[in-house]
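Comments concern the structure below.
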Amino acid sequence: MPFAKNFMWGGATAANQYEGGYLEGGRGLSTMDCRLPGNRHEYRKVSFTRPDGSVGYASRYEAVGEGARGTILEDRYYPSHNAVDFYHHWKEDIALFAEMGFRCFRMSVSWTRLYPSGTEETPNPEGVAFYRDVFSELQKNGIEPLVTLNHFDLPLYLADEIDGWCDRRTIGYFSRFARTCFEEFRDLVHYWITFNEINTIRDWTKLGNKDMSDQTVYQAMHHMFLGSAHAVIIGHEVNPGNMIGMMCAYGSMYPYDCAPDNYMNNIVSLHKIQFFCDVQCRGYYPEYKLKEFERSHVVIRKEETDDAVLKQGTVDFIAFSYYFSNVTRADANVEMTGDQSHAVENPYLKKTDWGWSLDPVGIRVACNELYDRYQKPLWIVENGLGAEDVFEDGTVHDAYRIDYLREHIRELKKAVETDGVNVLGYTPWGCIDLISAGTGEMSKRYGFIYVDLDDEGKGTFRRFRKDSFYWYQKVIESNGEEL
Ligand code: BG6
């Protein structure tokens, strides 16, 4: 059997796209609560107020500017506020996951549910109780939680008052939050991820940066690396049995052709992802990045112990998301942002309705590249097809989703069986329909379970099993043999 007996089949979600209950249980506001919906042609924007009182909007590529404060406008719909209301449906959802046979479930803890402003000395007891209930229910159903400490969210107070990760104090606040999670859920959670897709984190919602200069962004990332390293150190201290991973968005990259310049450029483009893995897996900044900093006059301000902390806080495994591959060219700049609108076309591949290339082989490429370079266990914590579903007679006939997943699992199997890559698990994204991170839509659905909600936030939140629900149930039951 290619997949180990205890291979972690499951599904993945994130609090800001799934949980909702944004003003309940003592939760504080997060930067993600200021994020408006967009659509497949228009970027999502955050709403903020400038020091002169005027309201501004910024996409992930735009700076909010000095003195900006995140703002929620009364007459607008913000998808994270209710999301798909896991907050009130957790028992029912976990029962459905158990029915599919999940062995693990990936979710994130909302930072502001535990620390409403980020700065409190002690955690919010209601928040702790909520997650304890959820994790206990998962364990009761034989499902191991895989918990992401930070999935794109940042307490709004920290962003407004101290520019979030730009300020070293955020490392301390995050470490306290991480310690709380490790201690409070010690008996219930054994698998952790520090930051989701750390290589795509450049914008205000995630870093709290008011400007987009490389100097600001890399300094903030340095603090985030330290936050992650501290979390790993604390997590191991609280429970040496904890497995703690990093997480990146891994879109495999192919050179446009065999022109030597294009091949060389592909190596340089891969560095854009590898940088994050290098620091978190090896514990130090790679030479190519230090040279880049020299050329672009980026100076990282470090304290004496930083290097030792990075070294000590290396991760136990690499988690990654894989949705599509990219093509690189010496004369085109490829950004790993989950946005393929400016991507170089691959003539061999078809695309989804949202313009993402369809490339199952790319998942095997990713597994090989990561395993060869780091020899750490891998975990595919996101993969899937975002598609518009037709809901009729209480279900969705989503053969297209089944095809996508089947082809990817086949290639994953080759990575394990033929190439000998150590893969711990597979948790497809949005195992239950949830809000799209990129567009804020509901109509971009990934789930095995349909949720009755539309792009304006209207619906009953009722859950329905799709055809893929029964298909995935068989996949798990047969440990990946019956595809
Ligand atoms: C990853 C994120 O980028 O891709 C998820 O970790 C996100 O939060 C997923 O939802 C799919 O992207 P999208 O834009 O289709 O939701």
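The values are calculated or read from the model by the stated rules, or taken from the named source; none is laboratory data. Please read all numbers here as calculations on a predicted model, not as lab measurements. Note: ideal-geometry Cβ built from the backbone for every residue, glycine included; neighbour counts use all protein chains shown. When the accessible area is computed, the model is the full protein with side chains, heavy atoms only, and any ligands, DNA or RNA have been set aside. Shrake-Rupley method; radii C 1.70, N 1.55, O 1.52, S 1.80 Å.
Couple of notes before you dig in:
- Close pairs (7 angstrom Cβ cut-off, 6 or more residues apart or separate chains): over 23 Å from TYR470 (Cβ atoms) in segment 435-455, part of a strand (DSSP E or B) and not hydrophobic (A, V, I, L, M, F, W, C) anywhere: THR439/ASN39; GLY440/ARG35; GLU441/ASN39
- Flag if ASN199 is open to solvent by 10 Å² or more (accessible area, probe 1.4 Å), within 16 Å of the ligand (Cβ to nearest atom), closer than 23 Å to VAL309 by Cβ and out of contact with any Ser or Thr (no Cβ under 8 Å at 6 or more places or on another chain): yes
- Qualifying positions in segment 1-52 - of a type in the set (Lys, Arg) and either farther than 26 Å from GLY355 by Cβ or touching a residue at least 24 places away in the same chain (Cβ under 8 Å) (or both): LYS5, ARG27, ARG35, ARG40, ARG44, ARG50
- The set of residues in segment 383-398 that are out of contact with any strand residue (DSSP E or B) (no Cβ under 8 Å at 6 or more places or on another chain) and open to solvent by 60 Å² or more (accessible area, probe 1.4 Å) comprises GLU392, ASP393, HIS397.
- Given (1) open to solvent by 20 Å² or more (accessible area, probe 1.4 Å); (2) more than 19 Å from PHE3 (Cα to Cα); (3) outside any loop (DSSP other than H, G, I, E, B); (4) not aromatic (Phe, Trp, Tyr), index of the condition PRO347 fails: (3)
- Strands (runs of 3 or more DSSP E) within segment 1-115 that include 1 or more residues within 15 Å of the ligand (Cβ to nearest atom) and under 20 Å from the mean Cα position of the chain (by Cα): 8-12, 104-108
- Hey, ILE402 within 16 Å of the ligand (Cβ to nearest atom) and either open to solvent by less than 20 Å² (accessible area, probe 1.4 Å) or closer than 24 Å to ALA14 by Cβ (or both) or not: no
- GLU184 being under 16 Å from THR122 (Cα atoms), open to solvent by 10 Å² or more (accessible area, probe 1.4 Å) and of a type in the set (Asp, Glu): yes
- Filtered residues of segment 417-475 (kept if under 23 Å from the mean Cα position of the chain (by Cα), of a type in the set (Val, Ile, Thr) and farther than 29 Å from ASP33 by Cα): VAL421, VAL423
- Filter result (open to solvent by less than 30 Å² (accessible area, probe 1.4 Å), within 13 Å of the ligand (Cβ to nearest atom) and either β-branched (Val, Ile, Thr) or part of a loop (DSSP other than H, G, I, E, B) (or both)) within segment 434-479: LEU434, ILE435, SER436, ALA437, THR439, GLY440, GLU441, MET442, SER443, LYS444, TYR446, GLY447
- Screening HIS190 on (1) more than 16 Å from the ligand (Cβ to nearest atom); (2) closer than 27 Å to TRP9 by Cα; (3) open to solvent by less than 40 Å² (accessible area, probe 1.4 Å) shows it passes everything except condition (3).
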